[in-house]
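Read through the structure below, which is laid out as C-alpha cells, and then see the notes.
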Amino acid sequence: MKKNVILSIIIIFVFLIIYYFTDILKYFGIVIEDNSTRLFTFRSVALILSFITTGLLFGTKNILRQLGMGQGFARGIGYGFIFTLPMLLGFAMIGEPINDWSLMFIVTVFFGAAMEEIVFRGFLFGLLFRNARWGFIPAVVFNALFFGIAHLYQGNSWDETLGVFLVTLIGAIWFAWLYIEWDYNIWIAVALHFFMNLFWKFFEVDSTALGGWGVNLFRILTIIFSIVFTIQYRQRKGIFLVNRSNLIYHK
C-alpha cells in the first residue's frame, strides 16, 4: 500500500508539472510569444518528462511497454482509421475541405494527438491503473477531469464551455477504456484521436470540440462503431480487462 501511495504521488506530481508547465514558465518570467513554438515546446517537454519519469520508476527498457507504445502500432493506426470512417464520409458530405493543408499540417495534428494520449492515458491514467493499483473508475475520472479542463478554452459561452467539458470528459473515459481493452495499446487511442482531429480540421466542420447536432451524429457513430467492435473483440478473447475486480481497486 505504501509503495502504491508513493508511486501515485510521483506520477501525479510530474503530471501537474507538465499540466502547468506554461504557467511555471510565466512565473519565472519566461514567455514564448509564438503560438507554434509554445505548443511544440510544451508537447516536447510533456513527452520527455513522461519518458524520463517512467524510466526512473520502471527501468529504461520498460518505458515503451509501460506507456503502451511497445507494440501494435500498425494495428492501432489501422483500426483507428476504420473506426473513424463514419466521420470521414460524413464530414466529406457536409463540409468543405481546406486548401492550405500540408504534410506539416498532418504531422502537427498527429504530434498533438500522440502527446495527449501518451501523457493523459499512457502516463497518468495508465500508470495509476496498472502500477499504482487505482481502480478504473477513480483513475479514469481523475484523468478525465484534467483532460476536460484542458479544453475549456474552446468554449465561447458558459453553455458552450460546459458542453465542451462534457464532450472531452466522455472522450477521455472512452479513450481510456479502449486503451485497456485493446491490450494496453496506446496507439488505438492515438489513432482515433488523430483521425478525429484531422477530419474535423480538414473539413472545417466546426471550431470547437462541441460541434453541432449534425456534425456530432457522425462522431457518435464512430464512438458506437468502436465500442461494438471492441466488445466483440473482447468476447472472442473470453475476458474483459476492465471488470468488477478492478473498477474501484485494481487487485
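Observations
- Near pairs, Cβ below 8 angstrom, 6+ apart or cross-chain, from the stretch 2-20 (over 15 Å from ALA132 (Cα atoms)) to any residue that is of a type in the set (Phe, Trp, Tyr): TYR19/PHE146
- Only one of GLY122, GLY126, GLY135, GLY78 that is at pLDDT 95 or above, under 26 Å from ILE10 (Cα atoms), surrounded by fewer than 21 Cβ atoms within 10 Å (Cβ to Cβ) and small (Gly, Ala, Ser): GLY135
- Candidate set: the stretch 9-35, residues that are surrounded by fewer than 16 Cβ atoms within 10 Å (Cβ to Cβ) and touching a Ser or Thr at 6+ places or on another chain (Cβ under 8 Å); chosen: the one modelled with the highest pLDDT: ILE10
- Residue within the stretch 196-215 that is polar (S, T, N, Q), modelled with pLDDT of 90 or more and within 18 Å of THR84 (Cα to Cα) present: yes
- Hits in the stretch 30-48 (condition: β-branched (Val, Ile, Thr) and in a loop (DSSP other than H, G, I, E, B)): ILE30, VAL31, ILE32
- Residue within the stretch 222-239 that is modelled with pLDDT of 95 or more, surrounded by fewer than 14 Cβ atoms within 10 Å (Cβ to Cβ) and either polar (S, T, N, Q) or closer than 21 Å to VAL109 by Cβ (or both) present: yes
- Any hit, the stretch 73-93, residues being in a loop (DSSP other than H, G, I, E, B), of a type outside the set (Lys, Arg) and under 28 Å from ILE223 (Cβ atoms): yes
- All conditions but one from (1) of a type in the set (Gly, Ala, Ser); (2) surrounded by 13 or more Cβ atoms within 10 Å (Cβ to Cβ); (3) assigned to a helix (DSSP H, G or I) apply to GLY70; the one that does not is (3).
- PHE58 vs. criteria modelled with pLDDT of 95 or more and either over 16 Å from LEU124 (Cβ atoms) or touching a strand residue (DSSP E or B) at 6+ places or on another chain (Cβ under 7 Å) (or both): no
- Some residue of the stretch 181-195 being surrounded by fewer than 17 Cβ atoms within 10 Å (Cβ to Cβ) and at pLDDT 95 or above: yes
- Residue in the stretch 30-49 that is β-branched (Val, Ile, Thr) and either in contact (Cβ under 8 Å) with a residue 24 or more places away in the chain or in contact with a Gly (Cβ under 6 Å, 6 or more places away or on another chain) (or both) present: yes
- Residue check, PHE73 closer than 13 Å to TRP187 by Cβ and in contact (Cβ under 8 Å) with a residue 24 or more places away in the chain: yes
- The C-beta contact set for the stretch 238-251 (first residue under 14 Å from GLU181 (Cβ atoms), second residue exposed (fewer than 10 other Cβ atoms within 10 Å of the Cβ) and of a type outside the set (A, V, I, L, M, F, W, C), distance under 7 angstrom, 6+ apart or interchain) is empty.
The values are calculated or read from the model by the stated rules, or taken from the named source; none is laboratory data. Bear in mind that the values here come from a model prediction, so they are computed numbers and not experimental data. As a convention, Cβ positions derive from the backbone with ideal geometry for all residues, glycine included, and neighbour counts pool all protein chains shown.
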